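The values are calculated or read from the model by the stated rules, or taken from the named source; none is laboratory data. This is a predicted model, so every value here is computed, not measured. No Cβ is skipped: glycine too gets one built from the backbone with ideal geometry, and neighbour counts run over all protein chains shown. SASA here: full protein model, heavy atoms, side chains in, ligands and nucleic acids out. Shrake-Rupley method; radii C 1.70, N 1.55, O 1.52, S 1.80 Å.
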Amino acid sequence: MTTLRPFTCDDLFKFNNVNFDPLTETYGLSFYTHYLAKWPEYFQLAESPSGQIMGYIMGKVEGLSDNWHGHVTALTVSPDYRRLGLAALLMNFLEDVSEKKRAYFVDLFVRKSNQVAINMYKNLGYIIYRTILEYYSGDQDEDAYDMRKAMSRDVNKKSVIPYTQPVRLEDIDMN
């Protein structure tokens, strides 16, 4: 039986087994604690009956007016617990919080090469809203997909009308 519970500061010292995945963005402690302090309702953990961290989701709510939205900053599941529906469970949790916050949509960024994640998000109702050129830096910069799912407040689904041309990060309004 999986338990979803709020992420705590103590969990920062126990979640390395989840963050070792090369596709998981890992941040400094101050980044995680900032999210815990500012958006604690968006930071949830999936835990096994033995207390093992199975995965987590970290997000926030941001934007102005009809750009008010939930954002998935990080979603990861330990390799030992994949293909059990945990990512979908965590995403549903974040979407529920976003609905309660009256968000118009939920968005996330995913590496263009991460086809497994892209397919999962599509199965959850997300669309590729736009391509962001060279979003991920590394040995070789990589493009990202900005994927979105409209929430019930966006009755006309204006937030999910896709862009046809790729954009650069500096050219988009992140609010």
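Here K122 qualifies as at pLDDT 95 or above and open to solvent by 70 Å² or more (accessible area, probe 1.4 Å).
Tally time: how many residues in the stretch 121-141 are more than 13 Å from P166 (Cα to Cα) and either part of a strand (DSSP E or B) or within 12 Å of the chain's Cα centre (by Cα) (or both)? The qualifying residues number 4.
Any chance the stretch 152-165 includes a residue that's over 25 Å from P6 (Cα atoms), of a type in the set (K, R), out of contact with any Asp or Glu (no Cβ under 6 Å at 6 or more places or on another chain) and in a strand (DSSP E or B)? No, the stretch 152-165 has no match at all. I'd like to check something: does the stretch 99-116 contain any residue that is open to solvent by 20 Å² or more (accessible area, probe 1.4 Å), farther than 22 Å from V61 by Cα and more than 16 Å from the chain's Cα centre (by Cα)? Yes. Taking the numbered list (1) surrounded by 14 or more Cβ atoms within 10 Å (Cβ to Cβ); (2) hydroxyl-bearing (S, T, Y); (3) free of Cβ contacts under 8 Å to residues at least 40 places away in the same chain in turn, S50 passes all entries but (1).
State the number of residues belonging to the stretch 66-123 that are touching a residue at least 40 places away in the same chain (Cβ under 8 Å) and of a type in the set (G, A, S). The total comes to 6. Note on the stretch 133-171: among residues that are in contact with a strand residue (DSSP E or B) (Cβ under 7 Å, 6 or more places away or on another chain) and among the aliphatic types (A, V, I, L, M), the one that is surrounded by the most Cβ atoms within 10 Å (Cβ to Cβ) is M147. With respect to the conditions (1) out of contact with any helix residue (DSSP H, G or I) (no Cβ under 9 Å at 6 or more places or on another chain); (2) open to solvent by 30 Å² or more (accessible area, probe 1.4 Å), N19 falls short on a single one, namely (2).
Could you please let me know if V61 is surrounded by 19 or more Cβ atoms within 10 Å (Cβ to Cβ), part of a strand (DSSP E or B) and in contact with a Phe, Trp or Tyr (Cβ under 7 Å, 6 or more places away or on another chain)? Considered against the rule, which asks whether it is surrounded by 19 or more Cβ atoms within 10 Å (Cβ to Cβ), part of a strand (DSSP E or B) and in contact with a Phe, Trp or Tyr (Cβ under 7 Å, 6 or more places away or on another chain), V61 comes out as yes.
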